[in-house]
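Data block below; observations after.
We did not get these values from a lab; they are worked out from the coordinates using the rules stated. Because the structure is predicted, anything quoted here is derived from the model rather than measured. Glycine also receives a Cβ, built like all others from the backbone with ideal geometry; neighbour counts cover every protein chain displayed.
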C-alpha cells in the first residue's frame, strides 16, 4: 500500500491537469511523476522520523516539523550538498513500514514539501523515477518504450504513472511507438494478453485496444471482435478504443461493427457515445483509414438520435462540414429534437458558423435571420461564444 500527502493547492492543480489528456481514448488523472520534476526544486527519497506537531493552531494543516533521512537524491539541489538528512517544515507522522518520495519547492531558503508518496521499503518506485526522468529527454518511441514496460507493474503508483505518460502523449507519438513494434509479435501479444486478462483495469481498455490496432496484424482483429462480443465483459470505459483498434486491423468489418453500435438506439447512451468518439477519431486523427463520406454517414445516423444529437452537430460545426447544412437545420423541424434546448442551441450555433464561413449558404443565413427575429438576445449570446469562429478572413 502507498500513502500520499499533498498541499490543497497542489491537489487542485493536479485535478485540473487530469483534464488535459491527449491520447483520444485514455483517462489519466493528475500530473505524472516525471512531468512534475520541472515543478520541484528537488526530489529526495528516504525515511521520515521525529514528527513534531505544532499545537498552537489546531486548524493549521500539518503544522510542525519532520526529519527526513535521505536514501537517494532523485533531483539534486545546491541546498542538499553534503546533507544526509533534512528537516521538513511540516508535521508528517510516519508509518515505520514506509519510505517516502518527497517533492520540495524552495522559497527564500525554506523547504516546502508539497507532495509525498509513501511506499514500502522494497518499492521499485525510486528506480522507476530515475528512469522516468532520463526517458523524458528521449524521442517519443524510446520514451514511451520505457513506460510501456511498466504499464502493468504490480505497484499501483508505478503502473498509474506509466499509464499517465501514455495518456498525456499525443496520439501521433502513441501511434509511432506502436507501429515501431509491429515486427515484434511479442509486444502485440502482450497488449492482447492485457486486454484478455479479466484483472486488467477497464480504464486501460481504450489505450490497449488502440495500441493493438496500430501494432497488431489483421488476424488480431478476430481476437478483438471476440472481446467485443463477449457477453461477460462490461465496457464501463474503453469501448471506443477497442472498436478503433478493430477498425484499424479490419477496416470493413470494424466499421460495420461501429455502425451497428451508433445505429442501435436501444443501446445504452454510453455505448453510442463511445461510438461517436470512435467516429470522431477517424475523422480527426486517421482520415487515411476511413474516408469522409463514411464518417458523415455515421454522423447522420447519430443526428437522428435526440438524446445525443447535439454532440455530432457540434463536431460538424468544428469540422466546418457545411455541406451537412440541410441535414443539421432539418433537426429544428423534427418534433423529437426541437423540444430539446441543447439540440436547438447546437443547431443555431452551426447555422451561425455556416453563414459566417460561406456567404452563399442561404439556408444558414435565413435560419439565423429567423432566430434573430424571434430571440435576438439568444443569437447575440451565441455569437459572443463563437466570436473566434465567426471571424471571416478578409478578402484579398
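General observations
- Over region 310-396: Kirkwood hydrodynamic radius from C-alpha pairwise inverse distances, Å: 12.9 Å
- The mean sequence separation of alpha-carbon pairs under 8 Å and at least six residues apart, normalised by the residue count of region 277-342, gives a relative contact order of 22 percent.
- For region 310-396, the relative contact order is 26 percent, taking Cα pairs closer than 8 Å that sit 6 or more residues apart in sequence and dividing their mean separation by the residue count.
- When you work out D = kT/(6 pi eta Rh) for region 149-274 at 10 °C and 1.306 mPa s, using the Kirkwood radius from C-alpha pairs as Rh and the Stokes-Einstein form, the result is 107 µm²/s.
- 222 nm mean residue ellipticity, helices alone, for the chain (DSSP H n ≥ 4; -39,500 (n - 2.57); rounded to 500): -15000 deg cm²/dmol
- Here the contact order of the chain, divided by its residue count and restricted to Cα pairs under 8 Å and six or more residues apart, works out to 10 percent.
- For region 295-374 and region 59-108, distance of Cα centres in Å: 57 Å
- Read-out Kirkwood radius over Cα pairs in Å, derived from the coordinates shown; its label in (i) 23.2; (ii) 24.3; (iii) 27.4: (ii)
- Take 350-356, 82-88 and order them by the average number of nearby Cβ atoms within 10 Å per residue, most first; the result is 350-356, 82-88.
- Sorted peptide list for 328-334, 378-384, 247-253, criterion being average Cβ within 10 angstrom, highest first: 247-253, 328-334, 378-384
- Nearest 10 degrees, 0 to 90: helix 205-215 Cα axis against the chain principal axis: 80 degrees
- Acute angle (nearest 10 degrees) that the helix 269-284 long axis makes with the longest principal axis of the chain, alpha-carbon atoms: 90 degrees
- Peptides 257-267, 152-162 ranked from most to least packed by the mean count of surrounding Cβ atoms within 10 Å: 152-162, 257-267.
- Nearest-ten-degree value, helix 185-196 long axis tilted from longest Cα axis of the chain: 80 degrees
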